[in-house]
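Nothing in this text is a laboratory measurement; each read-out follows from the coordinates by a stated rule. Small disclaimer: the values here were computed from a predicted structure and weren't measured. Glycine gets a Cβ as well: all are built from the backbone with ideal geometry, and neighbour counts include every protein chain shown.
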Amino acid sequence: MSIEISKPKDRSLKQVVSDLSADASLLVRQEIALARAELKEKAIAVAKQAALFGAAGLLAYAGLLVLFAALVLGLIAIGVVAWLAALAVGAVVLLGAFFLVQRARQPKKAKSE
C-alpha cells in the first residue's frame, strides 16, 4: 500500500474532503478488523485455559473417587462388612456435600470494622 501525496494546488477542496472521508472509512474498517482479530486470539486463549481447567477437574474428581474406594477397602480390611463400609463412606460424603450446599446458600456477611 503506497500513499500518494500530490501538490495542494492539484486538488480541489471537494477532492480533499472526499479523500479524507475515504481514508477515515478505511481506517475505521481496519481498526474493526484488528479488534476482531485480537478478540478472536483472546477467546482462543481463554478456551484453551478453560479446557485445561476442565481436564484438571476431571482428574481431581477421578482421584477423589479412588480415595473413597480406598477408604471403603480400608474399612473392609479392618473387619467392617463390605456393604456397611460402602454405606458409611457414602453417608459421610453426602453429609459433607450437604454442609457445603448449606454454607453456599447462606448470604455472605459483610465484615464490619
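Brief remarks follow.
- The set of residues in the range 30-82 being β-branched (Val, Ile, Thr) and over 23 Å from residue 93 (Cβ atoms) consists of 32, 44, 46.
- The condition (being exposed (fewer than 10 other Cβ atoms within 10 Å of the Cβ) and either in a helix (DSSP H, G or I) or acidic (Asp, Glu) (or both)) is satisfied by just one residue among 55, 104, 51: 104.
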